[in-house]
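S.K.: I'd like to ask you about the structure that follows.
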Amino acid sequence: MTFTSDSASTRFPSTFNYGIQPGDAVAATTAVFKALSVDDQLAVLWYAYTEMGRSITPAATGAARLQLAEGLLNQIQQMSHAEQLEVMRDLAAQRNSQVSRAYGIFSVNTKLAFWYELSELMAKGLVIPVPAGYQISRDGAQVLETLKELDFGQQITVLRKVVADMGVDIFAD
Ligand code: 45D
């Protein structure tokens with residue numbers, strides 16, 4: 001039986017070529033992100049914000065959406081730096097805490113806006129900063145590189161998928 005490269009290429013759909021399709025790049029980046037340690041996840045989000053920050057217009061994050069998250073953001077601002085870090089780690093680790101439960105009922109856009117606002121508060125010095133000279137892990141740096149290679153729409157899609165699962169949804173079964 002002859003098995004030429006020609007017949008092989010018609011046998012499989014074009015997605016089965018070990019090349020990365022647009023949808024796969026999003027799914028792959030999301031999966032690798034979710035496999036990171038909690039601290040690496042926070043670090044990647046932070047660096048994503050510092051790189052993307054300028055392209056996310058304040059208008060896009062919508063004041064109305066943030067109203068829902070305002071109470072929680074105010075509460076976090078009252079906390080010590082150590083507590084602020086702890087609630088963010090709880091969110092990323094999906095640990096059941098009061099903040100994780102409050103976050104869990106937000107819509108995905110509100111979740112994104114919430115993280116965006118937290119970054120802004122970090123930049124303003126109102127929330128614990130990433131330590132100066134912080135060395136991101138190799139895994140974290142790799143995810144960040146992959147994320148940077150995606151176009152803006154794909155980056156948003158990855159971020160949406162990532163933040164959607166954070167926190168705790170008390171209504172999930
Ligand atoms: O000591 O509504 C470490 C649109 C360890 C439009 C740490 C949109 C060591 C619709 C963990 C590093 C889709 C455009 C400390 C919205 C250590 C709409 C601390 C989009 C201290 C909303 C780490 C919105 C910390 C978008 C504290 C795209 C890390 C929003 C904290 C994107 C990291 C938001 C944080 C992004 C990262 C937010 C808070 C990328 C937040 C990132």
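S.K.: With θ set to phi - 60°, apply the Karplus curve 6.51 cos²θ - 1.76 cosθ + 1.60 along region 78-83 and write out the HN-Hα couplings as whole Hz, x wherever there is a Gly or Pro.
M.R.: Values per residue, Gly and Pro as x: 6, 7, 6, 4, 4, 5 Hz.
S.K.: Can you list the equivalent-ellipsoid semi-axes of region 62-118, largest first and in whole Å, using the square root of 5 times each Cα gyration tensor eigenvalue?
M.R.: So the equivalent ellipsoid measures 18, 13, 9 Å along its semi-axes.
S.K.: Moving on. Relative to the present Cα-Cα distance, how much length would full extension add between E70 and K124 at 0.36 nm per residue of separation?
M.R.: 17.8 nm
S.K.: Over region 44-173, one equal point on each Cα, no solvent: what is log10 I(q)/I(0) by the Debye formula at q = 0.10, 0.12, 0.18 Å⁻¹?
M.R.: -0.31, -0.45, -1.09
S.K.: What is the P(r) of region 114-173, as percent of Cα-Cα pairs per 10 Å bin from 0?
M.R.: Result returned by the calculation: 17, 34, 41, 7, 0.
S.K.: Another question, if that's okay. Keeping all protein chains in the complex and leaving out DNA, RNA and ligands, what accessible area do you get for T157 with a 1.4 Å probe, in Å² to the nearest 10?
M.R.: T157 has an accessible surface of roughly 50 Å² with all protein chains in place.
S.K.: Oh, and also: Can you run phi through the Karplus equation (6.51, -1.76, 1.60; θ = phi - 60°) for region 93-108 and list ³J(HN,Hα) in whole Hz, with x for Gly and Pro?
M.R.: Going residue by residue, I get 8, 6, 7, 6, 9, 4, 5, 4, 6, 5, 5, x, 8, 5, 6, 4 Hz, with x marking Gly and Pro.
S.K.: Once ligands and nucleic acids are excluded and a 1.4 Å probe is used, how much of W115 is accessible, expressed in Å² to the nearest 10?
M.R.: 20
The values are calculated or read from the model by the stated rules, or taken from the named source; none is laboratory data. No experiment lies behind these values; they were computed from the predicted model shown. Just the protein is used for accessible areas: all its heavy atoms, side chains included, with ligands, DNA and RNA removed. Shrake-Rupley method; radii C 1.70, N 1.55, O 1.52, S 1.80 Å.
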